[in-house]
Structure formats: structure tokens, C-alpha cells
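Undergrad: Sending over a structure as C-alpha cells; questions will come in a sec.
Bear in mind that the values in this text are calculations on the coordinates, not laboratory data. Because the structure is predicted, anything quoted here is derived from the model rather than measured. Glycine gets a Cβ as well: all are built from the backbone with ideal geometry, and neighbour counts include every protein chain shown.
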Amino acid sequence: MPDKCRLYLITPPEMDLVPFADSLAAALDGGDVACLQLRLKGAQDGAIRAAIAELMPVCHAREVAFIVNDRPDLAAECGADGAHIGADDDDYQAARDLLGDDAAIGVSCYDSRHRAMEAGEAGADYVAFGAFYPTSSKTPRARTEPEILDWWRELTVVQSVAIGGITAENCAPLVKAGADFLAVIAAVWDHPDGPAAGVKAINDAIAEADAS
């Protein structure tokens, strides 16, 4: 389990790939980032492969793990560090068979304690809960409360990711409840002072919550 809560960065839903690679480099240079999840819902395989080829080296040069959403097959093919699977994707064991024992595999659990327990028992490296706050990135399957993070922390050593509308201004209850990672999209990419400032703001907020 990490010593402290860390930032789990997710790509925006659309991007102009080459300029975005520069934005990503700036973001990762702005402060601590545990991993980047490539999330391109509905994209063609070729577009996902191109994004992995362009963005994964930016992450690996900074020792940031690279996770592919939805597509454990392409994650395995392209040598990514792992995959994230949701309720509509392949099941956990199918992803593990594709990626092997060393890959990081996370599972979306929304507000379902039962799904989280099943994923943890199956061997998932982390479970993701949320949405905790209103979000414009997608229509959430469920809304949940910080208490689920505290319950999970007391139950198991499997790591947790909090997701859904998280900002520097509202993340403190999630940090204090025991989230191992905060999954963030808009608070970084749409930050008025740029993505590096967005990363710094989240890290500063995590540190403040830890200290309070």
C-alpha cells in the first residue's frame, strides 16, 4: 500500500495526440503522479495503438505506470503496465490471462461492496469506487460516499481508487477516508493555469489533507 494517497491521472476523452504528448509531459513534470490511464472510449484499435505508442514513452521516461482502459488485449500487445476493466468489459480473469501475473489490473466497482470483494478475492491490484462527486466526463453508474473507502481500508490491503468529479477543493474527505489513489481528469487537463498546475494543486491538497 502506498505511504500516502497519490494521483491517478486519466486522459481526456478526446485529444490531438502530438500536442497532447507535450501537455502530458508538462503534467507529469508538475508533481507526483502514480500512473496514467489511457481512456479512449469507442476509439478504433489503430487510434488506441497510436496513442499508446506516443504516450507510453512519456510516462515511462518519468517512471509513471501506463494503464489502458477497457482493452487488456491491446495493453498486452503493446507492453503496457496494466489494464483497467469496467462492468461492461472482459472479466478479471480473462484480463489476467492476457496480461500475466506482473501486470497491474484494476476493476471498477462503483458503489458495490460485493463487486469489490469479488475483485479483491480474484486478485485485482486495485478496485475503483465512485462517482463521489458530479462529473462531466461520463454518466456515472452510481454515486457513493467516502465511507466506502474507510470500509475497504479496514477490510483488505488491496488498494482503492476514488473517482468521479474529484478536485483539489473536494478531495480531502476521500484522502482522510483512506483512498490510495485519486483518479482525476478535468481538474488537471482543464486547470486554468495548465496541467502542471493542476497536478501540483492535487498534490498540495493531498498533503494538506494528510497533515490535518
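Undergrad: Taking 0.36 nm per residue of separation and subtracting the Cα-Cα distance, what length does fully extending Glu147 through Lys4 add?
TA: The span from Glu147 to Lys4 would gain 49.7 nm if fully extended.
Undergrad: While we're here: Evaluate the relative contact order of the chain (contact order divided by residue number), counting alpha-carbon pairs under 8 angstrom at least 6 apart; express in whole percent.
TA: 23 percent.
Undergrad: Check every DSSP H run in the chain and write down those whose alpha carbon atoms cover 18 angstrom or more along the long axis and whose mean Kyte-Doolittle hydropathy is 0.5 or greater.
TA: Once both thresholds are applied, what remains is 45-60.
Undergrad: Across the chain, how many lysine pairs separated by 8 or more positions, or lying on different chains, have Cα atoms within less than 20 Å?
TA: Total qualifying Lys-Lys pairs in the chain comes to 4.
Undergrad: Separation between the Asn170 and Asp102 pseudo-spin-labels, each 7 Å from Cα along Cα→Cβ, expressed in nm?
TA: Between Asn170 and Asp102, the simple spin-label model gives 4.0 nm.
Undergrad: Please work out whether the chain counts as rounded, prolate or oblate from its C-alpha gyration tensor, where a ≥ b ≥ c are the square roots of the eigenvalues and a/c under 1.5 means rounded, while otherwise a/b larger than b/c means prolate and anything else oblate?
TA: oblate
Undergrad: Exposed loop GluC sites (Glu not before Pro) only (DSSP loop, at most 11 other Cβ atoms within 10 Å): please give the longest stretch of the chain free of them, not including the sites.
TA: Counting only loop sites that pass the neighbour cut-off, the longest clear stretch is 64-168.
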